[in-house]
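Peer 1: Below: one structure in structure tokens.
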Amino acid sequence: MSRRMNLTVILVGLSAATWAQGASVWTEFGPAPTVDSTFEYVGRVSAVVCSPTDPDRYFVTGADGGVWRTTDGGASWTPVTADMPTSAMGALALDPSDENIVYAGTGEANYANHSRYGLGVFKSYDGGDTWVQIAEETFAGRCFSQLAINPQNPQVLYASIARAGGFPEMAGAKQHPGRFGPLGVFRSDDGGETWTHLTNGLPDRAGTSVVIDPSNPNVVYAGIGHIFGAADNGIYKSTDGGASWTRLSTGLPSNWSAIGRITVAVAPSQPSRLYALISNACDATGGNGGTQGAYRSDNGGASWTTINVGTDLQATYGWFLSVITVHPTNPDLVFMGGLNLRRSTNAGTNWSTVTPQHVDMHALAWDAAGRLVCGNDGGVHRSADNGATWTALNTGLGTMQLYAGLSTHPLDANILWGGFQDNGSSRRTTAGVVWDQRLGGDGGWTQIIQQVPTRWYGEFQGTGNLYRSVNSGNTFAGARNGIPFGDRNCFLPPYVGDPVNSDRMLYATQRIYETLDRGNNWAAISGDLTKGQGAIRALAIAPSDPLVVYAATNDGNVQRSDDGGFNWTLLLDDNPGWPRVTRELRVDPQDPMTVYLAGAVFGAPKVRRSTDGGQTWSVLDGDLPDVPVNVIAVDVRGVQTVLYAGSDTGVFRSVDMGQSWRRFGDGLPTAAVIDLAADTPRNRLVAATQGRGVWVAPAGVLGDLDFDGDVDIADLSELLTDFGCEAGDCAGDVDGDGDTDIADLSALLTEYGGVV
């Protein structure tokens, strides 16, 4: 039977509701977890809260992975906010009178470039099964560092609020219109529905901590810690429920302008006992932000004593790492977390290092069995012996944060190769969600040479940290000779392979380096492509002409070279975006002069296209929502080019060159999509997210009837959806002739320039 005859038979008599059941569905590919030779890791966990009655029930937040729940002590995890408007998370709290009421403060207040803006508070009344979004107008564009609930009146909540992170300042805000909103401490008297900004004695400055005296909830302590230093930084105390505040001073630093992030904790069993961890103010690039000191008060903050936790606890980035917890019944047993985790059993007089299997501490909590639960850059770990030994609780916790530069394999659909925030570079070689870690550090851009698929490249942070494998990632050796370590970089430099000459590659710092011998030797071939202080964050070679190269810098330049990278023409000098490595440039697979540019900020063009090599640009935003678009993928196999936009809220698709966009596929969590690969030989789209790992969906060819890898009724569903129909919203009789038949499919394709 011919394709036309087959479709005619299938289509007749079916309703629009039946057609709508066949939309493309996203499948999780992991990692959840990634495994090195010894341990299992997942992505950064920014907050942990445990049930006070059930020792097996926890909630955790991925820094950009949403809220997760376990009911079996971490043996398995369920994502519970995957459909909520954002996955960026900073704080958690349980109602002390009803632990089915859960609060999640969105936006991660850890100040990294990837610590994204929030969109208010998520609240659940049923233990995380369902959620409502509240207070978006109050807090959108900023981040929650901590939530505290009055134990005697749980309708009263306090929130410490900070700006989104990054260097330059607020890079993680991505120009959200609410990014300049008020900061500090807020109070709600109605369970989070409405909030009051507390200002009487408290500055409008970054709130990095807020805690309540459990014996007298009118006593509240706040850490105000602008990470770049401020004269009004400090530890503040209120004795009237936040109506007025006084900065504490005796025994604390006097030069608050030199002070950065501040964390405060109250000993639950002895509330007059306080602990504080204070970092130095950092510079504009995040440097010099190590530990200023640790302090203890035994009289409710009236005076403080220095306790020697060490000046190296937070390395040089106390703005990123600062957490304290005190044992629920022993006020002398205290833990402070930074790069490592340290424990004191005598109120801070002596300390020992008790770091779990991964460094970089962000969250500490005690479960109902008295075990310590730690959230860090490697996921969740638990100790039943106060840190002497640890157990990883990471199986199935899909919170991995990818950077741009994911690679697919030309011969094996199972193989993927990508770099992850503080979890190295890992490969997927078989079906499932467990990946194999092959390089350490912060894993960045990756490359599988498509002509020689056993040759792989990976990197970790910094200039020149490039490695090559000739055996599909089993072993690696350095491939950086000639790239000076002193060049400027965007933390993870981009590099690309020549689509024709497998021995040639380009590597980007503030300038372009070229190798003609597979990375054995590199030579600089361009001058500085930035404005003088930046670095190249995106690099793209035209698939149809490897002499045409495009580059984007993290200080706004977009340029093109027509001679392989030696000489460059400035195309744009005001291109905003994220300062880390990106895939914002995408060259048409067939035309080197057609290039697409993603816009990863609010209030600016999201998708731009040039057909003259970047001399002029058209905006293809159509009806896209105003959310940052981080990456664009292009499929030119059909009659009509299909565009995919990876945004901070998922993937959108356009089949009419940007006039209209629709969310693509079902099942993808609302996470920031940081990279896309149109894996056209397999009719699929691969998405790398900044907090929910890698996902894959079928993606067929417009004009060939095959939208999902199999010509069937689902293809008509895809067409109807793109045409603006949802299930039950429009009749299948598209051409109005009284019959639902093959002519309706023809009419839909014709609408988009396709053919039947």
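The values are calculated or read from the model by the stated rules, or taken from the named source; none is laboratory data. Since the structure is predicted, the reported quantities are computational estimates derived from the model, not experimental observations. Neighbour counts run over all protein chains shown; Cβ positions are idealised from the backbone, glycine included. Heavy atoms of the whole protein, side chains included, go into the accessibility calculation; ligands, DNA and RNA do not. Shrake-Rupley method; radii C 1.70, N 1.55, O 1.52, S 1.80 Å.
Peer 1: Count charges around G441 for me, please; just the other residues with Cβ under 10 Å from its Cβ, Lys/Arg as +1, Asp/Glu as -1.
Peer 2: Once all neighbours under 10 Å are counted, the net charge is -3.
Peer 1: Moving to a separate point now. P(r) for the stretch 26-106: what percent of alpha-carbon pairs falls in each 5 Å bin, starting at zero?
Peer 2: All Cα pairs, binned at 5 Å, distribute as 3, 14, 23, 25, 18, 10, 5, 2, 0 percent.
Peer 1: Can I ask one more? Quick one: which residues, 5 or more positions from V25 or on another chain, have an amide H under 5 Å from its amide H? H modelled 1.01 Å from N in the peptide plane, none for Pro or chain starts.
Peer 2: D666
Peer 1: While we're here: List the relative contact order of the stretch 303-459 as a percent without decimals, with contacts defined as Cα pairs under 8 Å and 6+ residues apart.
Peer 2: Computed value for the stretch 303-459: 12 percent relative contact order.
Peer 1: Grab the beta carbon distance between A523 and D574, set R0 = 30 Å, and tell me the FRET efficiency rounded to 0.05.
Peer 2: According to the calculation, E is roughly 0.45.
Peer 1: Helix 713-722 versus the longest principal axis of the chain: what angle, 0 to 90°, nearest 10, using Cα atoms?
Peer 2: 70
Peer 1: Now for a different question. Starting from the 7 Å offset along Cα-to-Cβ, what nm value, one decimal, do you get for the label separation of D283 and A369?
Peer 2: My value for the distance between the label points is 4.8 nm.
Peer 1: Remind me, relative contact order of the stretch 99-231 in percent, using alpha carbon pairs under 8 angstrom and six or more residues apart?
Peer 2: Reported relative contact order: 22 percent.
Peer 1: Also: Let me know the whole percent of all Cα-Cα pairs from the stretch 523-607 that are separated by more than 18 Å.
Peer 2: 38
Peer 1: Turning to a different aspect of this structure: Count the DSSP beta bridges whose two residues both fall in the chain, then state the antiparallel fraction as a percent rounded to the nearest 5.
Peer 2: Around 95 percent antiparallel, to the nearest 5.
Peer 1: Let me ask you something else. What is the ratio of the Cα radius of gyration of the stretch 105-145 to 2.2 N^0.38 Å, where N is its residue count, to two decimals?
Peer 2: Expressed relative to 2.2 N^0.38 Å, the Cα Rg reads 1.23.
Peer 1: Something else now. Using just the helices of the chain, give the 222 nm mean residue ellipticity in deg cm²/dmol: DSSP H runs with n ≥ 4 each add -39,500 (n - 2.57), and the total is spread over all residues, rounded to 500.
Peer 2: That calculation yields -1500 deg cm²/dmol at 222 nm.
Peer 1: Counting only Cα atoms, I'd like the Rg/Rh figure for the chain, Kirkwood definition for Rh.
Peer 2: Using only Cα positions, Rg/Rh for the chain is 0.99.
Peer 1: Here's another thing I want to ask about it. Could you compute Rg(Cα) / (2.2 N^0.38 Å) for the stretch 108-263, with N its residue count?
Peer 2: 1.02
Peer 1: Put a dot 7 Å past each Cα toward the Cβ at T199 and F180; how far apart are the dots in nm?
Peer 2: Calculated label separation equals 1.6 nm.
Peer 1: Turning to a different aspect of this structure: Give me a comma-separated list of calculated 3J(HN,Hα) values for the stretch 386-394, in order, Karplus coefficients 6.51, -1.76, 1.60 applied at θ = phi - 60°, integers in Hz, x for any Gly or Pro.
Peer 2: 6, x, 5, 9, 9, 10, 6, 10, 10
Peer 1: Per residue of the stretch 618-628, in order, report the coupling 6.51 cos²θ - 1.76 cosθ + 1.60 (Karplus, θ = phi - 60°) as ³J(HN,Hα) in whole Hz, putting x for Gly and Pro.
Peer 2: 10, 8, 10, 6, x, 9, 4, x, 7, 10, x
Peer 1: Express in nm, to one decimal, how much length is gained between S249 and A477 on full extension, taking 0.36 nm for each residue of separation and deducting their alpha carbon distance.
Peer 2: 76.7 nm
Peer 1: Between S618 and D189, what length in nm is gained on full extension when 0.36 nm per residue of separation is reduced by their alpha carbon distance?
Peer 2: 149.5 nm
Peer 1: Dipole magnitude of the stretch 176-223 about its Cα centre, charges +1 at Lys/Arg Cβ and -1 at Asp/Glu Cβ only, in debye to the nearest 20?
Peer 2: 240
Peer 1: Excluding the sites themselves, what is the longest stretch of the chain that contains no chymotrypsin sites (Phe, Trp or Tyr not before Pro) in a DSSP loop with at most 15 other C-beta atoms within 10 Å?
Peer 2: Segment 181-484 is the longest.
Peer 1: Same structure, new question: Can you give the net charge of the other residues whose Cβ lies under 14 Å from the Cβ of T263, counting K and R as +1 and D and E as -1?
Peer 2: Charge balance in the 14 Å sphere: +3.
Peer 1: What is the mean projected area of the alpha carbon convex hull for the stretch 299-346, to one decimal in square nanometres?
Peer 2: Average of the hull's projected areas for the stretch 299-346 equals 4.0 nm².
Peer 1: Same structure again: How much net charge surrounds H197 when only the other residues with a Cβ under 11 Å from the Cβ of H197 are counted, with Lys and Arg +1 and Asp and Glu -1?
Peer 2: Within the 11 Å Cβ shell, the charges total 0.
Peer 1: Taking just the alpha-carbon atoms of the stretch 386-540, what radius of gyration and Dmax come out, in angstrom?
Peer 2: In order Rg, Dmax, the Cα atoms of the stretch 386-540 give 16.4, 57 Å.
Peer 1: Still on this structure: Obtain the nm distance between the two label points defined at V500 and F566 by a simple spin-label model: each point lies 7 Å from its Cα along the Cα-to-C-beta direction.
Peer 2: 1.5
Peer 1: As an exercise, identify the trypsin sites (Lys or Arg not before Pro) in the stretch 526-614 lying in DSSP coil whose Cβ has no more than 13 other Cβ atoms within 10 Å.
Peer 2: Qualifying residues, ordered by number: K531.
Peer 1: Run the accessible area of the chain with a 1.4 Å probe and give the carbon-and-sulfur part as a rounded percent.
Peer 2: The nonpolar share, carbon plus sulfur, comes to 47 percent.
Peer 1: Roughly how far apart, in whole Å, are the Cα centres of the stretch 446-499 and the stretch 268-310?
Peer 2: 41
Peer 1: Could you tell me the number of lysine pairs in the chain with C-alpha atoms less than 29 Å from each other, where the two lysines are 8 or more residues apart or belong to different chains?
Peer 2: Count of close lysine pairs: 5.
Peer 1: Given contacts defined as C-alpha pairs under 8 Å and at least six residues apart, what's the relative contact order of the chain, whole-number percent?
Peer 2: 12 percent.
Peer 1: Right, here's the next one. Using only the alpha carbons of the stretch 66-113, determine the length spanned along each of the three principal axes and report them from longest to shortest in whole angstroms.
Peer 2: 34, 26, 20
Peer 1: As I understand it, the value is the acute angle between the Cα axis of helix 742-751 and the longest principal axis of the Cα atoms of the chain; what does it come to in degrees, rounded to 10?
Peer 2: Once rounded, one gets 70 degrees.
Peer 1: Pull out the extension gain between R682 and N308, defined as 0.36 nm times the separation in residues minus the alpha carbon to alpha carbon distance; nm, one decimal.
Peer 2: 128.8 nm
Peer 1: Rg/Rh for the stretch 204-251 to two decimals, with Rh computed the Kirkwood way over all alpha-carbon pairs.
Peer 2: With Rg and the Kirkwood Rh in hand, the quotient comes to 0.99.
Peer 1: Across bins of 10 angstrom width beginning at 0, how are the C-alpha pair distances of the stretch 232-327 distributed, in whole percent?
Peer 2: Percent of pairs per bin, in order: 16, 48, 30, 6, 0.
Peer 1: To two decimal places, what compactness ratio does the stretch 304-459 give when its Cα radius of gyration is scaled by 2.2 N^0.38 Å?
Peer 2: 1.28
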